[in-house]
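What follows is a set of notes on a single structure, which appears directly below.
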Amino acid sequence: MDDARRRQLTDIVAAKAGVDVACAARHLALHDDDVAAALRGIDIERFTLTQRLLNKYRRDPEDALQHVALAVLQHEDIRSDSVLRLERIAALAPPVAGVVMLAEWLAYADWEGFDSALYANIDAVAAFIGGALDLPEVAANLLQARDADVFETRRPALAASALLFIERHTTQFP
């Protein structure tokens, strides 16, 4: 590759990633002048896994929440077939454990239905929603009204609040 083309690629990577040309050139060299691979390498260097997931899935907060929870479970090697699964999740840092618990509860509500989910760890889920996420009205609905329609209307706000919570505690996530 000639120097003019290499400079052009370096300028493209620097502009797209928002880094200086030295960083762009280093990543291009590491990735054999593959622009896409260089951009991914820069992202890996600059952002944690959680930050990359939030950036990628931000348009769908609940999807982002599920991806972050899955990343935590994989990072901590917590499998669904583990007898100690709940204990291992509870042993995580409290913000991380709360997010994973919420994500799993939401997934359970999707799989088994809202009425069944009301009997699955609901007190802890409601405490996390009302306390850490500061959504006492959503928590009260879960514990008292138990109205699926009300919950579904508040679900997008719940997922958005969970993402803001993750962003505030991002250093505790992988």
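The values are calculated or read from the model by the stated rules, or taken from the named source; none is laboratory data. From a predicted model like this one, the values you see are computed outputs, not experimental measurements. Positions of Cβ are generated from backbone atoms using ideal geometry, with glycine treated the same way; all protein chains shown enter the neighbour counts. Each accessible area value is taken on the protein alone, full model and side chains, heavy atoms only, with ligands, DNA and RNA left out. Shrake-Rupley method; radii C 1.70, N 1.55, O 1.52, S 1.80 Å.
Going by the conditions given, is L49 closer than 30 Å to L106 by Cβ, open to solvent by 60 Å² or more (accessible area, probe 1.4 Å), touching a helix residue (DSSP H, G or I) at 6+ places or on another chain (Cβ under 6 Å) and aliphatic (A, V, I, L, M)?
On the way: closer than 30 Å to L106 by Cβ: yes; open to solvent by 60 Å² or more (accessible area, probe 1.4 Å): yes; touching a helix residue (DSSP H, G or I) at 6+ places or on another chain (Cβ under 6 Å): yes; aliphatic (A, V, I, L, M): yes.
So L49 fits the description; yes.
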Could you tell me whether A103 is surrounded by fewer than 21 Cβ atoms within 10 Å (Cβ to Cβ), in a helix (DSSP H, G or I) and modelled with pLDDT of 95 or more? no
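Filtering the range 16-45 down to residues that are in a helix (DSSP H, G or I) and in contact (Cβ under 8 Å) with a residue 24 or more places away in the chain, which residue is nearest to A157 (Cα to Cα)? If you could, list the steps in order and put the result at the bottom.
Taking the range 16-45 and keeping what is in a helix (DSSP H, G or I), we get 16-17, 21-30, 35-45.
Still in the list and also in contact (Cβ under 8 Å) with a residue 24 or more places away in the chain: 17, 35, 38-39, 42-43.
Numbers: A17: 31, V35: 37, A38: 36, L39: 32, I42: 32, D43: 28 Å.
Among them, the one singled out is D43.
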Collect the residues in the range 111-123 that are in a helix (DSSP H, G or I) and either of a type in the set (A, V, I, L, M) or surrounded by 12 or more Cβ atoms within 10 Å (Cβ to Cβ) (or both), keeping them in residue-number order. E112, F114, A117, I122
Considering the range 52-91 alone, what residues qualify as being assigned to a helix (DSSP H, G or I), surrounded by fewer than 16 Cβ atoms within 10 Å (Cβ to Cβ) and in contact (Cβ under 8 Å) with a residue 60 or more places away in the chain? H75
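Those residues that are assigned to a helix (DSSP H, G or I) and either modelled with pLDDT under 95 or open to solvent by less than 50 Å² (accessible area, probe 1.4 Å) (or both), I need them from the range 124-136; list them, please.
The first filter runs over the range 124-136 and keeps only residues assigned to a helix (DSSP H, G or I), leaving 124-130, 136.
A124, V125, A126, F128, I129, G130, listed by residue number.
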Give the number of residues within the range 139-167 that are open to solvent by 30 Å² or more (accessible area, probe 1.4 Å) and free of Cβ contacts under 8 Å to residues at least 40 places away in the same chain. 14
Is it the case, given these coordinates, that G130 is closer than 17 Å to A162 by Cα and touching an Asp or Glu at 6+ places or on another chain (Cβ under 9 Å)? yes
Which numbered condition M1 misses (of (1) surrounded by fewer than 16 Cβ atoms within 10 Å (Cβ to Cβ); (2) assigned to a helix (DSSP H, G or I)): (2)
